[in-house]
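Participant: Sending over a structure as structure tokens; questions will come in a sec.
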Amino acid sequence: MTNFNSRDKRMGFKVKTLSPLSGYRFRIVFFILCLGLGGLFFRVGWIQLLQSEELKAKARVVQTEKKSPLGTRRSILDRNGKLVAIDEKRFKLWAHPRYFNFPGDSYGTVRKPVEVAKLLSLPLSKSVDDILKDFGNYSSGVKLADGLTQEKANEIKKLGISGIDLEAYPQRLYPHGSLFANVVGFLDLDRRPQAGLELSLDRKLRRLEKTSVLSKGADGTPLPIGIKRGVFDEDQLNLQLTLDVRLQEVAVKEISKQVKEWNAKKGVVIVMNIDSGELLALASAPSYDPNKYWEYSPSLFKEWSVQELFEPGSTFKPINLALALEEGVINPNGEINDDGLVTVGGWPLSNWDRNPNGILNFAEVLQVSSNVGMVKIMRKLNPTSYWQRLKQLGIDEMPETDLPGAVAGHIKSKQIFVNQPIEPAVASFGQGFSITPLKLAQLHALIANGGKLVTPHITKGLKGDYQSFSTRLPESKQVLTPEATKTVLGWMETVVEKGSGIEATVPGYRIGGKTGTAQKSQDGKNYDSKICSFVASLPIDDPRFVVLVVVDEPQKPFAYGSTVAVPVAKKIIETLLVIEQIPPSTGRIENLAKKS
């Protein structure tokens, strides 16, 4: 030890003698450590006992993603799956100038509005000056754009500008414009249904959406933690219609052209499957574009073929003949004398041309549309029985249909109908009572299908890739016998072969039909306008469809069912034959016995 100390001294080192540490120092260090450890335990206890719920809530916000439903609606499709109405995601663009910041900027940097406007100018297709005007002097909550597509929203997102928010919302679009407006209706700007199926089937069209909460990693990837069954399931069901876009296009085009050509008030076309009641076309004119509904009169928003009544006129004569056959007051081979004038209860009733037609069989009564002949035929039927038969047809009942706003027809009370002879007399040629065009189509389907009242409808049900729910329909009611309806259908064929419906002839096909030109009263007293119609059943050897055309108040001279309604029906029939691939007709009316 001595040697080391001497050497250290020689080398200039200062040697310090080792001595034990003071116990006082140890106590100070120990106290500081205990104080720190105690503070740590206190902090942990504070967090665990008093701040745990608050911190858990903050953690959940960071670690989870909450997706709230947008409130979308189901798409509407035609019978072949073509879109009729659809919800598409659109975006509103909001700006908050006090938070403007670009990627890479340091914390606290606030960019000038003009810098942001230059970046937004291209995706918004607006000038920088226009965007700056939108900013104004507001520091937050500035709406820059509405209705942005997903593509535009993606362009803006890629810019990465802080202080720019994109708010997603669904927008209802109608790809075919006015083609289905009368049926589908529309949503207003607040997404409230205002007409058509959008209104009547509002609840059914709302998608079943739910709020979902997912745990996610730092990069936003969903984690399989606490995921409940069905969280990724989406409502993929759509409402499918019975309507056919192709046939609807032709129907709308032809009825619109005819309404314009004849200066008519309105017109309607109905194409119905006689066995199922499915409507393949339901077209009205004039119509409107549901994408721009605010540009049109609200009077166009209803479908008058199911919401307004009219006197069917001569198109009801085949129905009356079927009732007379059913009651046994006439036989298929009978005849009637049309002398041109008949007086009932002091009222003179004549034919539409005021001319006599002589001795007619019942097919000829339809061919020449003899009013006098019909009055004499139906006079054979007891008025009480006649009234009861009309009631049995559901003339004044609310129709069972999914069409929005459908109304019941109107017929005189039993007392008036039975005690005033003029009432059954005018009813024999389709006046004195009123029905909707839809009801008339249903009654002619009854003649074509063997006497069954089917339910007219335009919805097939909810359809999806993995599940579907079909529309439930009431069971068809047998109202008339197949024998009576088959006979009348044969008489209707002669109307197209050589009567007033001859212009509806399609070579190679057997078609039955009946024209109508009913006098129309605006005040219930004066019949100073008319309504022209034509109804066809086809093909006669294997009936499948009824086509009805009605044109209200044509203004030009020589307006009759044969001149106004038949040309429209022929175009639609020709299209229907192609779309449904109906082969040319064979055989005669006897083939109907197999169907019956």
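The values are calculated or read from the model by the stated rules, or taken from the named source; none is laboratory data. In this text, all values refer to a predicted model and were calculated from it rather than measured experimentally. Glycine gets a Cβ as well: all are built from the backbone with ideal geometry, and neighbour counts include every protein chain shown.
Participant: What pairs come out if I take residues in segment 39-50 that are at pLDDT below 80 and pair them with residues that are surrounded by 10 or more Cβ atoms within 10 Å (Cβ to Cβ) whose C-beta lies under 8 Å away, six or more apart or interchain?
Facilitator: Close Cβ pairs satisfying both conditions: ILE47/LEU55.
Participant: Of all residues in segment 265-280, which are assigned to a strand (DSSP E or B) and crowded, with 24+ Cβ neighbours inside 10 Å?
Facilitator: Within segment 265-280, GLY267, VAL268, VAL269, ILE270, VAL271, MET272, GLU278, LEU279, LEU280 qualify.
Participant: Using the structure shown, decide if LEU119 is over 30 Å from TYR293 (Cβ atoms), in contact with a helix residue (DSSP H, G or I) (Cβ under 7 Å, 6 or more places away or on another chain) and exposed (fewer than 15 other Cβ atoms within 10 Å of the Cβ).
Facilitator: No; evaluated as a whole, the condition is false for this residue.
Participant: For segment 333-346, which positions are in a loop (DSSP other than H, G, I, E, B), touching a strand residue (DSSP E or B) at 6+ places or on another chain (Cβ under 9 Å) and of a type outside the set (Asp, Glu)?
Facilitator: Those that are in a loop (DSSP other than H, G, I, E, B), touching a strand residue (DSSP E or B) at 6+ places or on another chain (Cβ under 9 Å) and of a type outside the set (Asp, Glu): ASN333, GLY334, GLY340.
Participant: Here is a further query. Report yes if some residue within segment 307-322 is part of a helix (DSSP H, G or I), crowded, with 24+ Cβ neighbours inside 10 Å, in contact (Cβ under 8 Å) with a residue 60 or more places away in the chain and of a type in the set (Phe, Trp, Tyr); otherwise report no.
Facilitator: yes
Participant: Kindly indicate whether any position in segment 159-174 is under 36 Å from the mean Cα position of the chain (by Cα), modelled with pLDDT of 90 or more and assigned to a helix (DSSP H, G or I).
Facilitator: The answer is no; no qualifying residue exists.
Participant: In segment 77-129, which residues are touching a Leu at 6+ places or on another chain (Cβ under 8 Å), aliphatic (A, V, I, L, M) and within 20 Å of THR149 (Cα to Cα)?
Facilitator: Listed by number, the residues that qualify are LEU83, VAL84, ALA85, ILE86, LEU93, ALA95, ALA117, LEU119, LEU120, LEU124.
Participant: Would segment 56-72 turn up any residue that is under 30 Å from ILE458 (Cβ atoms), at pLDDT 70 or above and in contact with a strand residue (DSSP E or B) (Cβ under 7 Å, 6 or more places away or on another chain)?
Facilitator: Looking through segment 56-72, at least one residue is under 30 Å from ILE458 (Cβ atoms), at pLDDT 70 or above and in contact with a strand residue (DSSP E or B) (Cβ under 7 Å, 6 or more places away or on another chain).
Participant: Given the options ASN320, ASN331, ASN337, name the one that is under 41 Å from the mean Cα position of the chain (by Cα) and either modelled with pLDDT under 95 or of a type outside the set (A, V, I, L, M) (or both).
Facilitator: None of the others qualify; the one that does is ASN320.
Participant: If you scan segment 122-161, which residues turn out to be free of Cβ contacts under 8 Å to residues at least 40 places away in the same chain and either surrounded by 12 or more Cβ atoms within 10 Å (Cβ to Cβ) or among the aliphatic types (A, V, I, L, M) (or both)?
Facilitator: Across segment 122-161, the qualifying residues are LEU122, PRO123, LEU124, LYS126, VAL128, ASP130, ILE131, LEU132, ASP134, ASN154, GLU155, LYS157.
Participant: Test SER299 against the stated conditions and say whether it is small (Gly, Ala, Ser), crowded, with 23+ Cβ neighbours inside 10 Å and within 38 Å of the chain's Cα centre (by Cα).
Facilitator: The answer is no for SER299.
Participant: Any idea which of (1) farther than 20 Å from GLY177 by Cα; (2) of a type in the set (Lys, Arg); (3) modelled with pLDDT under 95 is the one LYS292 doesn't satisfy?
Facilitator: Single failed check for LYS292: (1).
Participant: Could you tell me which of the residues PRO404, PRO383 is out of contact with any Ser or Thr (no Cβ under 6 Å at 6 or more places or on another chain), crowded, with 16+ Cβ neighbours inside 10 Å and not hydrophobic (A, V, I, L, M, F, W, C)?
Facilitator: Only one candidate qualifies: PRO383.
Participant: Go through segment 421-450 residue by residue and tally those that are more than 17 Å from TRP352 (Cα to Cα) and either in a loop (DSSP other than H, G, I, E, B) or outside the structural domain of VAL549 (by TED's automatic domain parsing) (or both).
Facilitator: 4
Participant: Could we say that SER369 is assigned to a loop (DSSP other than H, G, I, E, B), in the same structural domain as VAL550 (by TED's automatic domain parsing), of a type in the set (Gly, Ala, Ser) and under 48 Å from the mean Cα position of the chain (by Cα) here?
Facilitator: Against the criterion (assigned to a loop (DSSP other than H, G, I, E, B), in the same structural domain as VAL550 (by TED's automatic domain parsing), of a type in the set (Gly, Ala, Ser) and under 48 Å from the mean Cα position of the chain (by Cα)), SER369 qualifies.
Yes or no, residue by residue, for (1) out of contact with any His (no Cβ under 6 Å at 6 or more places or on another chain); (2) within 22 Å of ILE359 (Cα to Cα); (3) of a type in the set (Ser, Thr, Tyr):
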site	(1), (2), (3)
LEU280	yes, no, no
SER284	yes, no, yes
LYS292	yes, no, no
LEU323	yes, yes, no
GLU326	yes, no, no
ASN331	yes, yes, no
ASN337	yes, yes, no
LEU341	yes, yes, no
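Participant: What pairs can you find where one residue is in segment 459-483 and touching a residue at least 60 places away in the same chain (Cβ under 8 Å) and within 12 Å of THR242 (Cα to Cα), the other is surrounded by 13 or more Cβ atoms within 10 Å (Cβ to Cβ) and small (Gly, Ala, Ser), and their Cβ atoms are less than 6 Å apart, with a gap of 6+ or different chains?
Facilitator: What qualifies is THR471/GLY461.
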